[in-house]
Structure formats: C-alpha cells, structure tokens
Amino acid sequence: MVVEVGSGEILMTAHMNQEALDVTRKSQRATFFSRSRQKLWVKGETSGNFLKVEEILVDCDQDCLVLKVRLPAGGVACHTGEKSCFYRTLPLSGGNRLQTRSVEG
C-alpha cells in the first residue's frame, strides 16, 4: 500500500517482489513488479509523477509493506489524473453504482 506521508491518505496499491523492494530502497522511488507483464515498473516512469519514498513500514508478519511517499509537484499519484487511485466509493447498501468522492480542501 502507498500512502501520502503528510496526510496518511491511501494513494494506491501494487505488488512488490524482492527486486522491486531492493530498487525502491536504493532509488527512493516507488518501484513495483507487474505480474501481468513480468517486469519491474517505476511509478511515474511514463507520466513523470514519481513517488519519493520517505519511509517503509513492515507489518507484524513481515508480508505486507506500507510505503510513505511524497507526491510530486503536481500532487497526482493516479494515472487518471486524480490525487489517489481511490477516488470512488461503493455504497454499503443501495446498489452497485460507484460514486466519486468529494474532495475537501
């Protein structure tokens, strides 16, 4: 999971293998492993919206990581142009229609 260092807002999730973790630690840029393409990818490599890793948290079972990152100047982490990949909500009841979250600020 990737969260913004200042606000703690969830920005995205992605898979990491050992190589992606090693590259992330060395470069301090969030790097992941694409299981569908079977290769590493650096968040922002095509958009320029790189995520600078400030801290890596490890859970008690040591099988899940949280990357605390600083957003780029544009403040965007999602390829859609949204700040976070989690910009829609699914109501707990009343159907399956996704709703866009309102941005407070």
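Read-outs throughout are calculated quantities, based only on the coordinates presented, and are distinct from any laboratory measurement. From a predicted model like this one, the values you see are computed outputs, not experimental measurements. So basically every Cβ, Gly included, is an ideal-geometry build from the backbone, and we count neighbours across all protein chains shown.
Quick notes on this structure:
- Exposed chymotrypsin sites (Phe, Trp or Tyr not before Pro) absent - longest run of the chain, DSSP non-H/G/I/E/B, at most 16 other C-beta within 10 Å: 1-85
- Rounded to the nearest 20 debye, the dipole size of the chain about its Cα centre is 400 debye, using +1 on the Cβ of Lys and Arg and -1 on the Cβ of Asp and Glu.
- Pairs of Lys residues in the chain, spaced 8 or more positions apart or belonging to different chains, with C-alpha separations under 18 angstrom: 10 in total.
- Rg/Rh ratio calculated on Cα atoms of the chain (Kirkwood radius): 1.00
- Distant-in-sequence amide contacts of R29, defined by a placed amide H-H separation under 5 Å and a gap of 5 or more residues or a different chain, comprise V53.
- Extension gain, N96 to Q18, is 24.4 nm, computed as 0.36 nm per intervening residue step minus the present C-alpha separation.
- Annotation: the antiparallel percentage among DSSP beta bridges lying fully within the chain is about 85.
- Fully extending the segment from T89 to S27 would add 19.0 nm, taking 0.36 nm per residue of separation and subtracting the current Cα-Cα distance.
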